[in-house]
Each structure stands twice: as C-alpha cells, then as structure tokens.
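K.L.:
One structure is given below, represented as structure tokens, and several questions about it will come after.
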Protein chains: 2
Amino acid sequence: MDELVRYGCLLGGKRLRPALLLLTAQALGGRVTADQITLATVVEMIHTATLVHDDVLDDARMRRHLATVNARWDNEASVLLGDFLFTHAFYLASTLDSVIGCRLIGRATNLVCEGELRQKGTKGRFDVSEAEYFEIIAAKTAALTAVSCELGALTSGADESLVRDMEHFGRELGIAFQIADDLLDVLGEEQVTGKSLGTDLEKQKPTLPVIRGLARAEPAERQRLLKMLQAPQGANGALVACLQRLGAIDETRQQASEYARRARQRLQRLEATPARDVLTMLCEFVVSRPM
Amino acid sequence: MDELVRYGCLLGGKRLRPALLLLTAQALGGRVTADQITLATVVEMIHTATLVHDDVLDDARMRRHLATVNARWDNEASVLLGDFLFTHAFYLASTLDSVIGCRLIGRATNLVCEGELRQKGTKGRFDVSEAEYFEIIAAKTAALTAVSCELGALTSGADESLVRDMEHFGRELGIAFQIADDLLDVLGEEQVTGKSLGTDLEKQKPTLPVIRGLARAEPAERQRLLKMLQAPQGANGALVACLQRLGAIDETRQQASEYARRARQRLQRLEATPARDVLTMLCEFVVSRPM
C-alpha cells in the first residue's frame, strides 16, 4: 500500500496545479496559509489519481521516464490506487473547517470524469467538431487548473471579480497546456518527454492537429488521411508530414499560444509581485515544452 | 453518460447502506431530514462506485441478474463511471452546510479502498490468518455500513455513546453480511443470487470457509485442499464437500450468526419503534439470504 502510493507520487512531475493554487494565493494574499497547502495537496492527489486511471485506460507503459503503475504492477493495483488517492484527497479536503474546498474540487473532479467519458465517446470519430473538442479539454484538463486558481484567490479573500479572473486564467492556461500536450503526442519523441507517445493516435482520439488537418484537406487527401488514422502504426511520419503540409501543425501551435496569451491578460489587474511574474512565465512554459 | 449512470444504478439492489442510515435516523431522531436523505444517497453512490470497480477487478460478467458495466460496455467505461460516481458523491456531500458528512464518508471510503488493496495482497495466500481476514472485511465492507449508522445517529442529535453503539452495530452487521456473502460465493447458485459465483475461488481470494477449512484439516487433507484451491475450475463440488466434512461451512455460518447477534445486542438501548424493529430484522436478513 505504502509502496504503491510512494511510487504513484513519482509519476506526477511538474506539480503544475498546486503551483497554480499557491502562486495565486501568494499573488493575491501576499502569503500562503496551512489550509492552502492542504488544498494544493488535494488537487495534486486528484490529478495523480486521474493519471493513474488514465494510464490504465490508455494502456500506457511509461510516464515521466518511469514504468506506469499498470506496467509495473497491474490494472487491479492501478484502479485501487486511483480510488485510494481520490477518496483520500476528499477526506483531506474535508478536514478543513470550510466546506468550500470539498465543494469546488468535487465539482471540478466530476467535470474531469465527465470530460474523460465524453472523450471516450469520440473514439474513432475524427469528424468531431472543434467546439466539441474544446468542450472536452475544458472539462478533462482545464476544470482542475481553473479550480486551483479559483481556490487560491478565494481563500486569500480576493474580491469576486478577481476570483473570476483567476478562474478564467486557470482555465485558459489549462486549455493551452492540453493543446500543446496533444501536439506533443503527435510530434514528440519518447526519450525527451518520458512518456509513451502516439497513444492518442493509437487510441483513436481525435485531437486538434488531426481535426484541423481534416478540415483543411481536399476530399482526396482527406480520404488518405482518414486511412492513415485508422491504422496509425508506423504511419506516424507520413501523417505528421501530411498535417504539416496542410498547415494544421502550425495552426494548432498558434491556437495554444492564443490561449496562453488570453491567460496572460487575465493577470493584468494583479499587483506586480514575484508570484505574478512566475504565473506570467507559466503562460510561456505550458506552450514551449520540448516538442 | 446518462445511460451509463442509469444502468450503473440498476446494479445496486438491496440499498442496505442508505436503509441503515435512514432507519438509524428514524430510530434515534423520530424522523428523516433532507440532509440525511442526501447522505444516504452519497453512501449508496460510493457503494455503487466500488461495485462497478470491483466488477472490473474481478472480471465479473453478471450482477443482480444483469450484465455488469464491463461486460456490457468495457473496462474503460467502468473505471470512468466509478470515478464519476465517487466524485459526484463527494460533491453531493459537500453541498451540505456541515463538513462532517464529507469527513466521515471520506475516511470510510478510504478504508474501503485500503481493505480492497490489502485483500489483493492476500491473493493466493490461503495461509492468511483469520485476524487478517477480519481486518480486511472490517475495512472493505463494514467501514461503509458502520459510517452509515454513525451518520444516521450523529445527524439525529443522539448522544455520543449511542452514536458509538450505532457505529458498532453497523460494523458488526457489515461483517456478518460479508461472511455470509463469502459463504454464498462458495455454495450458491448463479440463478438464485444473480451474480457470478465462485469468483472468490477463481480470483484466489482466501475467504473464511477456506481459511477455517485449512486450519481444521490434517496435513494430508490440507495438501489435497490446497491443490484444489490452486486450480478451482470444476473442483467446486469436491471442494465444498471437503469443507463441509471439516466443519468449516457450519463454523463459518455460525461465525456470521455470532456477528449478527452482537449487532442485535447494540440495539438494546434504543426505544421500541418500528424503525428499531426493522434494524433488528436486518440482523436476521443479512445472514439468511438464499445460500
């Protein structure tokens, strides 16, 4: 049990969500309280739980240069470890006097699961609309980054309009991050990113570069593209070349940058502090990971 | 999504845990409040989530005369539905003004997961001690029945010692129920119980009839028994006959009755009400299901 939890924690990595919560708290309240550290721990535990379950669903073998829990142990251990992390996170949130952490994190986590379920429903449906794609990533990824920033602001006593700004900041940052991640899955190399790549394609997940590529292609090219998508093993090089030629790779990169820019703008009303500077840098970071 | 949740709800059945919460509330407070109905819903959702994940872990195909979610859809759908139910349950608990529901249910659910993980660790270890077996079922099954009764009493304003009585009542009832369930898995027939049977044996889970049988057997018989346990397909009839001969079946049944009796005694200090009568009847019910 201990061994599993200890190992599961190594699979995290960037700790983006707790960083967002604590930096927002510092930027708006000038300090970080014990309750905020608890909430930051909770969002990271929830995130780790979803990663562990994701790796089961995707049958992924590597994450952060380490074997996944399902690869090292088995699916059974992964399902139970994820459940343990979920429920322990909620228990931890409930040790605080205010119920607001439980409530907001509960709702956000629910959105994450709903987003994952909807994504599952789009499997193999490469004609999914961009609107649906954005709804899905807003739920599965950005709900948790949004709530992290919202809670950081709320528990610092920030006024309602600043809390909303920070919630939007977190959501847009999360969307930028996810688009960049999708691109990474198509383009990246396993040695650099430390995780199994091309799993989106293998799992027949329609992602933005693909949706955009199909929208840009002439009927004949579209048919060729769909054929490659239906049997993606080995075709990755040809697929990427095709998407590149159609401008879909560049447009996807621009789309990520656009969300990062919107996020950065949300920080304008914040006083100049080192914490705000780091939040600004994070907008850069999420779209410029090795890819 | 709706379809999955709707279907998942059919897999429940007895609604034992919400019944315990509401009956305890009625027995101790004379009525049932809206908050108690919410908490009863929460414990049933948590229970359903664990069932859905259990069916993935056990690769079970039937439950309550219906195909399981993993059989009708797939493991992916089951993992996500379980996660959705877990997180929605905690969200629902957090809509109440008091954080106590979240806290107690969070801790209990955590114990459930820990119990499941520990049980997984005993796979194939038929020499596990009875003490360990009881610790595991106290966590994986009885934590949720205990917290149901505890919350029913607590939210009715019962005094501390009565709250403890009811918590113990729920735990002992849960243990009695689980022992009876283990026996059902060895003895029962799929047509009667509506779920896949013999899965405990197939999954190499050491349960009380087996642990007790091995303890009672002479060295030679013990070896034969272990051989049957290691390859349980088809050997069920011979295995049951052997356990019967060793007295393990009767002793297991007595053990369940003993816990049911202890549970019944916890109700002595309650005033005579129809709700208390039903709780008393439940002590009978959990050990006398068709088997």
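The values are calculated or read from the model by the stated rules, or taken from the named source; none is laboratory data. From a predicted model like this one, the values you see are computed outputs, not experimental measurements. So basically every Cβ, Gly included, is an ideal-geometry build from the backbone, and we count neighbours across all protein chains shown.
K.L.:
All but one of (1) within 7 Å of chain A (Cβ to nearest Cβ); (2) surrounded by 23 or more Cβ atoms within 10 Å (Cβ to Cβ); (3) within 16 Å of residue B:49 (Cα to Cα) hold for residue B:82; state the number of the condition that does not hold.
P.N.:
So residue B:82 meets the others, but not (1).
K.L.:
While we're looking at this one, here's another question. So for the range A:127-135 (the condition being farther than 26 Å from residue A:275 by Cβ, in contact with a Lys or Arg (Cβ under 7 Å, 6 or more places away or on another chain), charged (D, E, K, R) and within 14 Å of chain B (Cβ to nearest Cβ)), does at least one residue qualify?
P.N.:
So far as the range A:127-135 goes, no, none of its residues is farther than 26 Å from residue A:275 by Cβ, in contact with a Lys or Arg (Cβ under 7 Å, 6 or more places away or on another chain), charged (D, E, K, R) and within 14 Å of chain B (Cβ to nearest Cβ).
K.L.:
Please go through the range A:94-116 and pick out each residue that is closer than 21 Å to residue B:139 by Cα and in contact (Cβ under 8 Å) with a residue 40 or more places away in the chain.
P.N.:
A:95
K.L.:
From (1) within 30 Å of residue A:273 (Cβ to Cβ); (2) of a type in the set (Gly, Ala, Ser); (3) more than 13 Å from chain B (Cβ to nearest Cβ), pick out the condition that doesn't hold for residue A:71.
P.N.:
Status for residue A:71: all satisfied but (1).
K.L.:
Please work out which one of (1) small (Gly, Ala, Ser); (2) crowded, with 20+ Cβ neighbours inside 10 Å; (3) at pLDDT below 95 is the condition residue A:158 fails and give its number.
P.N.:
(3)
K.L.:
Mind counting the residues in the range B:142-173 that are among the β-branched types (Val, Ile, Thr) and touching a Phe, Trp or Tyr at 6+ places or on another chain (Cβ under 9 Å)?
P.N.:
1
K.L.:
Give me the pairs, please: first residue somewhere in the range B:197-224 and assigned to a loop (DSSP other than H, G, I, E, B), second residue anywhere and among the β-branched types (Val, Ile, Thr) and at pLDDT below 90, beta-carbon distance under 6 Å, and either six or more positions apart or on two chains.
P.N.:
If the second residue must be among the β-branched types (Val, Ile, Thr) and at pLDDT below 90, no pairs are left.
K.L.:
Mind telling me which of the residues A:57, A:23 ends up being out of contact with any Lys or Arg (no Cβ under 7 Å at 6 or more places or on another chain) and either more than 13 Å from chain B (Cβ to nearest Cβ) or surrounded by fewer than 18 Cβ atoms within 10 Å (Cβ to Cβ) (or both)?
P.N.:
When all the criteria are applied, what remains is A:23.
K.L.:
Does the range A:253-269 contain at least one residue that is surrounded by 14 or more Cβ atoms within 10 Å (Cβ to Cβ) and at pLDDT below 95?
P.N.:
Looking through the range A:253-269, none of the residues is surrounded by 14 or more Cβ atoms within 10 Å (Cβ to Cβ) and at pLDDT below 95.
K.L.:
Then there is this: Looking only at the range B:62-91, how many residues end up being under 12 Å from residue A:90 (Cα atoms) and not polar (S, T, N, Q)?
P.N.:
The total comes to 5.
K.L.:
Looking only at the range A:107-115, decide whether some residue is assigned to a helix (DSSP H, G or I), out of contact with any Phe, Trp or Tyr (no Cβ under 8 Å at 6 or more places or on another chain), more than 14 Å from every other protein chain (Cβ to nearest Cβ) and not small (Gly, Ala, Ser).
P.N.:
The answer is no; no qualifying residue exists.
K.L.:
Quick check: is even one residue across the range B:92-99 hydroxyl-bearing (Ser, Thr, Tyr), more than 7 Å from every other protein chain (Cβ to nearest Cβ) and part of a helix (DSSP H, G or I)?
P.N.:
Taking every residue of the range B:92-99 in turn, none turns out to be hydroxyl-bearing (Ser, Thr, Tyr), more than 7 Å from every other protein chain (Cβ to nearest Cβ) and part of a helix (DSSP H, G or I).
K.L.:
Right, another one. Got a number for residues in the range A:1-44 being over 27 Å from residue A:78 (Cβ atoms), part of a helix (DSSP H, G or I) and of a type outside the set (D, E, K, R)?
P.N.:
11
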